[in-house]
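S.K.: Dumping the structure here so I can ask a few things about it.
The values are calculated or read from the model by the stated rules, or taken from the named source; none is laboratory data. Note that the coordinates shown come from a computational prediction; the quantities given were computed from them, not determined experimentally. In this analysis, Cβ positions are derived from the backbone assuming ideal geometry, glycine residues included, and neighbour counts consider all displayed protein chains. SASA here: full protein model, heavy atoms, side chains in, ligands and nucleic acids out. Shrake-Rupley method; radii C 1.70, N 1.55, O 1.52, S 1.80 Å.
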Amino acid sequence: MSRPAEPVPALRAQALTKTHRGEGAAAHAVRGVDLTVRRGEFVAVTGPSGAGKSTLLHLLGGLQRPDSGSIWLDGECTDSYGEARWAVERRRSIGIVFQFFNLVSNLTVADNIELPALLAGASSKRARTARRELLGELGLEGRARSMPGELSGGEQQRVALARALVNHPRLLLADEPTGSLDSKGTREVMRLLSRFHARGQTILLVTHDARLASTADRVISFFDGRITDDADLGDPPARSTGLSGVLELKD
Ligand SMILES: Nc1ncnc2c1ncn2[C@@H]1O[C@H](COP(=O)(O)OP(=O)(O)O)[C@@H](O)[C@H]1O
Ligand SMILES: [Mg+2]
């Protein structure tokens, strides 16, 4: 009897390296990273500023190309992907949120969320329905006609999350998504990440904040371009402590 095959991971990276060569000295941002993220997993990558976390996330989302190494999305090797193919993946199967919300400032909240759905080929009716559902879920029903600049930081990040999730991406990449929020906004965004994760969303969260990282199932420590620790917080006490610590964060 053969054992059942391992399910295909959502994401696999092997021997990734990336050196930034700018004006000054070369920055060896990612120095040989092997990483597997299973479907439905919530993984946090944490480490100090300059460790290479954002570079790693950019590589995984195809926003930058590695110098060497390979990335598989749902078992498919991306080695041959060019810009256009990565753009398609980011539209359909990888949602990304950043520290600064990256909303289109002259579009309403509704249009910001519907746009990626329309670009992915949804009918306007389907895009509208998806947008309504997400805004409801994110507690922003009344904000559809607002412009991004009229919203608080926490609200803008929730809109950015809606935009990232509107096409039901297999993978959500989040780079310091609470980095410019106050404690209330931070709590809201972390609670939403936990809720989407509970419903099966695969998430890779990059944060320098170890406490936020403990919201995840698994915490990867990143230092000087390398993974230095990879801890499964699967056991219930550790996990619930981390989670409640964040969700009870006071203003
Ligand atoms: N576009 C870039 N050009 C040159 N150096 C960069 C660039 N992006 C990042 N770096 C350098 O790479 C290293 C890792 O940066 P980064 O990936 O942003 O780390 P983190 O997100 O952990 O703070 C740092 O030394 C940073 O200065
Ligand atoms: Mg960063």
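S.K.: Short version: ³J(HN,Hα) in whole Hz for each residue of region 169-178, in order, from phi by Karplus 6.51 cos²θ - 1.76 cosθ + 1.60 (θ = phi - 60°), x for Gly and Pro, what are they?
M.R.: Once rounded to whole Hz, the list reads x, 5, 9, 10, 9, 10, 9, 6, x, 10.
S.K.: Here is a follow-up. Run the helix sum for the chain: -39,500 (n - 2.57) per DSSP H stretch of 4+ residues, divided by residue count, reported at 222 nm to the nearest 500 deg cm²/dmol.
M.R.: Per the formula, -10500 deg cm²/dmol.
S.K.: Quick check: at a probe of 1.4 Å, how many percent of the accessible area of the chain sits on carbon and sulfur atoms?
M.R.: 50
S.K.: Amide H of G32 versus every other amide H placed in the peptide plane: which residues, excluding those fewer than 5 positions away on the same chain, fall under 5 Å?
M.R.: L16, T17, K18
S.K.: Still on this structure: Highest first, please rank the peptides 92-98, 61-67 by the mean number of other Cβ atoms sitting within 10 Å of their residues.
M.R.: In descending order of packing, they fall as 92-98, 61-67.
S.K.: Ordered by residue, what ³J(HN,Hα) values in Hz, to whole numbers, does region 90-104 give under the Karplus form 6.51 cos²θ - 1.76 cosθ + 1.60, where θ = phi - 60° and Gly and Pro are x?
M.R.: Taking θ as phi minus 60°, the curve returns 5, 6, 9, 10, 10, x, 10, 10, 10, 4, 9, 5, 6, 8, 7 Hz for region 90-104.
S.K.: Could I ask something else about it? Residue farthest toward the positive end of the dipole of region 35-108, with Cβ of Lys/Arg at +1 and Asp/Glu at -1: which of T55, S105, V45?
M.R.: S105
S.K.: So, one more: Using a 1.4 angstrom probe, figure out how much accessible area the chain has per residue, in square angstrom, rounded to the nearest whole.
M.R.: 49
S.K.: Placing +1 at every Lys and Arg Cβ and -1 at every Asp and Glu Cβ, with all other atoms neutral, what dipole size does region 59-183 have around its Cα centre, in debye to the nearest 20?
M.R.: About 560 debye.
S.K.: What's the whole-number percent of alpha carbon pairs in the chain lying beyond 30 angstrom?
M.R.: Every Cα pair in the chain considered, those over 30 Å come to 27 percent.
S.K.: Next question. Report the accessible area of R195, computed with a 1.4 Å probe over the heavy atoms of all protein chains in place, in Å² rounded to the nearest 10.
M.R.: Near enough 90 Å² of accessible area.
S.K.: Sequence-distant or interchain residues sharing an amide H contact under 5 Å with I96, placed H: which?
M.R.: Result for I96 returns L173.
S.K.: Between region 1-69 and region 116-188, how many Å separate their Cα centres?
M.R.: 25
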